[in-house]
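The values are calculated or read from the model by the stated rules, or taken from the named source; none is laboratory data. It should be emphasised that the depicted structure is a prediction, and the values quoted were computed from it without experimental measurement. Counting neighbours? That spans all protein chains shown, and the Cβs are built from the backbone with ideal geometry, glycine included. When the accessible area is computed, the model is the full protein with side chains, heavy atoms only, and any ligands, DNA or RNA have been set aside. Shrake-Rupley method; radii C 1.70, N 1.55, O 1.52, S 1.80 Å.
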Amino acid sequence: MPLVSIAMYVTSEPLADSTAELWSFLRHYLSNAGLKDLPERPDQTVPYDEAWLRPDLLLSQACGYPFAKSLRGRVRLVATPIYGHPGCDGPRMRSFIVVREGSPFHSLADLRGTTAAINSPDSNSGSNLFRAAVARLAGSGRFFGRIIETGSHRGSIAAVAEGRAESAAIDCVTYANIRRFDPGHLQAVRIIAETPKGPGLPFITSGDASEETVILLRNALSAAIKEPSLAAMRATLGLIEFSVLSEADYELLLSLAGDALPQLRA
């Protein structure tokens, strides 16, 4: 049975339910087109980053920076979702840089020498775009005094709210989802800046997938956007369209910050 792992934006029950509904529609479409033995629900046991290079992968959503850095040429790019949330611009998206409510920080320059929280060193939204935002201020190549790694955007927000870090960069889609479904989590933080934009989280399939399979997956995603009965699902996910980008479009993510800063690590 092929692997389906769509686990990037499922941190609340409405999002998880809508993602399952999206896959249910895709499964029906793909089954009618001749693909057999498809799972009833997306897998929830395989860590999302381990799913990306599985040879049995049919569909997953990857982070843009790992895709640009290590997945290109090893997986096939299917499509990039377009979300309707603040901070999104077609298939491109940015992160919001947050600080604790009531803190004395009001600009990026104010954060020099402070502690920053990142969800993961390989995260595009939480680390790479963050690095790009402060690159012009880095001077000798170091800007933050310390980096802590939290494991998730929610963890980074909590680190800022609790005073363990002064700032964090939060993916604009994640920020919108928390604001809609868990607004209390944002009460202790505020936005002071935005990062540069880059292509969003791509849907991918196995590097061994045929051109026919890639086209079929794209057609299924396109059909999900047009299906009237899925309007509520799309609204919950903030999903308005899919765009077919090239691998070259993601190269931007490798050079946003140039050599101005070292790799952000805990």
key: Candidates T195, T236, T45, ranked by Gaussian network fluctuation over the chain, Cα under 10 Å, top entry   = T45
query = By the gyration tensor of its Cα atoms, with a ≥ b ≥ c the square roots of the eigenvalues, what is the shape of region 4-122: rounded for a/c under 1.5, prolate for a/b over b/c, or oblate?
reply = prolate
request  = Filter the trypsin sites (Lys or Arg not before Pro) in region 1-90 to those in DSSP coil with at most 16 other Cβ atoms within 10 Å of their Cβ, and list the result.
outcome  = K36, R74
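Tally the DSSP beta bridges in the chain and give the antiparallel ones as a percent, rounded to 5.
70 percent
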remark   = With DSSP loop assignment and no more than 12 other C-beta atoms within 10 Å, the trypsin sites (Lys or Arg not before Pro) in region 78-177 are R142
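From the C-alpha coordinates alone, can you work out the Kirkwood hydrodynamic radius of the chain, in Å?
One over the average 1/r among Cα pairs gives 19.0 Å for the chain.
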remark   = Ratio for region 118-212, C-alpha Rg to 2.2 N^0.38 Å, reads 1.25
Equivalent ellipsoid semi-axes - Cα gyration tensor, region 149-266, angstrom = 31, 23, 12
request  = At 1.4 Å probe size, with no ligands or nucleic acids counted, give the accessible surface of S107 in Å², nearest ten.
outcome  = 40 Å²
request  = First compute the accessible area of the chain with a 1.4 Å probe, then give the percent of it belonging to carbon and sulfur atoms.
outcome  = 48 percent
inquiry  = Given a 1.4 angstrom probe, what's the average accessible area per residue across region 1-147, in square angstrom?
reply    = 43 Å²
request  = For S246 and R154, compute 0.36 nm times the residue count separating them, minus their Cα-Cα distance, and round to one decimal in nm.
outcome  = 30.1 nm
query = What FRET efficiency comes out for the pair E50/A232, r = Cβ-Cβ distance, R0 = 41 Å, nearest 0.05?
reply = 0.85
